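Peer 1: Here it is, the structure, as structure tokens.
The values are calculated or read from the model by the stated rules, or taken from the named source; none is laboratory data. Here the structure is a predicted model, which means the values were calculated and not measured. Note that each Cβ is placed from the backbone with ideal geometry, even for glycine, and that neighbours are counted across all protein chains shown.
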Amino acid sequence: MKIFIDTADLNEIKEIASWGILDGVTTNPTLLAKCGRSFQDIIDEIFTLVDGPINLEVLSEKADDMVREAKQIVSKIPQKYHKNITIKIPMDSEGLIAVKALCKDGIKTNVTLIFSANQALLAAKAGATFVSPFIGRLDDNGQEGMHVIEEIMDIFCNYDIETEVIVASIRHPIHVIEAARLGADIATIPPEVIRKMMKHPLTDAGIKSFLKDWEKVKK
Ligand code: E4P
């Protein structure tokens, strides 16, 4: 399973990319607002940090405007990074029209704010490169988010659909394990959850005791 980082915080991306585990980045307006840098600053740097899909969201509500906005974003990014630009498009009828048009122009899309397998199927039919079901928000709403991932994986597998499934809105390490067991293509994970995946108290205790015992070894 590929691992994307779900943040616009450039320091977090830089540090976690240095571990050699990142395949891409997802951002959204909330994450961009949190990091306090200008959009231009972020896009100037983010492509230099990870060589994989970098997801940037459009905010227009009409299909034509979404396509225009997507092309504006593309025009601000140096040609050598164009293969990594992925435009996040919200899941509605205008979004589907925009996905179709961008797909025709060879621009990768990630249909976001997906909460059902039917939405994922429609996004894939429109030509989405990726779909992003938001499992944490479903859990928060009293619905089993992972069940939607299971349904999408079954459907995409039945019909050899090439659209990749990004498990999004991940809240804790168990979500990551469940996504991987279901064969999801990608999990996009907040930095704090990636750190939790890396840690285990027995590993820390083991390192400590090995270091202590090494002092007793005759050298
Ligand atoms: C995915 O691309 C989104 O940025 C993200 O996973 C949303 O998660 P949230 O529910 O924690 O806001």
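Peer 1: Would you be able to tell me the number of residues in segment 8-42 that are more than 15 Å from the ligand (Cβ to nearest atom) and at pLDDT 95 or above?
Peer 2: 10
Peer 1: So, one more: Out of the residues in segment 90-113 meeting the condition of being over 13 Å from the mean Cα position of the chain (by Cα) and within 16 Å of the ligand (Cβ to nearest atom), tell me which one is nearest to D44 (Cα to Cα).
Peer 2: Here the residue is K108.
Peer 1: What single numbered condition from (1) in a strand (DSSP E or B); (2) in contact (Cβ under 8 Å) with a residue 40 or more places away in the chain fails to hold for P133?
Peer 2: So P133 meets the others, but not (2).
Peer 1: Additional query: What number of residues within segment 129-163 are within 13 Å of the ligand (Cβ to nearest atom) and touching a Ser or Thr at 6+ places or on another chain (Cβ under 7 Å)?
Peer 2: Of the residues in segment 129-163, 7 are within 13 Å of the ligand (Cβ to nearest atom) and touching a Ser or Thr at 6+ places or on another chain (Cβ under 7 Å).
Peer 1: So is E164 in contact (Cβ under 8 Å) with a residue 12 or more places away in the chain and either farther than 14 Å from S116 by Cβ or β-branched (V, I, T) (or both) or not?
Peer 2: yes
Peer 1: Continuing with this model, one more query. Could you say whether any residue in segment 174-185 is more than 18 Å from K88 (Cβ to Cβ), assigned to a loop (DSSP other than H, G, I, E, B) and either free of Cβ contacts under 8 Å to residues at least 24 places away in the same chain or touching a strand residue (DSSP E or B) at 6+ places or on another chain (Cβ under 8 Å) (or both)?
Peer 2: Within segment 174-185 (the criterion being more than 18 Å from K88 (Cβ to Cβ), assigned to a loop (DSSP other than H, G, I, E, B) and either free of Cβ contacts under 8 Å to residues at least 24 places away in the same chain or touching a strand residue (DSSP E or B) at 6+ places or on another chain (Cβ under 8 Å) (or both)), the answer is no, since none of the residues qualifies.
Peer 1: Do you know which of the residues in segment 43-53 that are within 16 Å of the ligand (Cβ to nearest atom) and within 19 Å of F130 (Cα to Cα) is surrounded by the most Cβ atoms within 10 Å (Cβ to Cβ)?
Peer 2: The qualifying residue surrounded by the most Cβ atoms within 10 Å (Cβ to Cβ) is P53.
Peer 1: Is it the case that K88 is at pLDDT 95 or above and over 20 Å from K2 (Cα atoms)?
Peer 2: Criteria not met by K88.
Peer 1: Next question, about the same structure. Name the single residue, out of those in segment 151-168 being under 18 Å from the mean Cα position of the chain (by Cα) and surrounded by fewer than 21 Cβ atoms within 10 Å (Cβ to Cβ), that is farthest from K196 (Cα to Cα).
Peer 2: E162
Peer 1: Moving on to the next point. Considering segment 186-211 alone, what residues qualify as being over 22 Å from the mean Cα position of the chain (by Cα) and part of a helix (DSSP H, G or I)?
Peer 2: P201, L202, T203, D204, A205, G206, I207, K208, S209, F210, L211, listed by residue number.
Peer 1: Among the residues of segment 41-53, is there at least one that is among the hydroxyl-bearing types (S, T, Y) and in contact with a strand residue (DSSP E or B) (Cβ under 8 Å, 6 or more places away or on another chain)?
Peer 2: no
Peer 1: Let me ask something else. Quick one: is L56 closer than 24 Å to V176 by Cβ, at pLDDT 95 or above, within 16 Å of the ligand (Cβ to nearest atom) and in contact with a Ser or Thr (Cβ under 9 Å, 6 or more places away or on another chain)?
Peer 2: So L56 passes the test.
Peer 1: State the number of residues belonging to segment 178-194 that are more than 16 Å from the ligand (Cβ to nearest atom) and among the charged types (D, E, K, R).
Peer 2: The number of residues fulfilling the criteria is 1.
Peer 1: Related question: Which of (1) under 12 Å from the mean Cα position of the chain (by Cα); (2) more than 22 Å from C103 (Cα to Cα); (3) away from the ligand (no atom under 12 Å from the Cβ) does I5 not meet, given it meets every other one?
Peer 2: (3)
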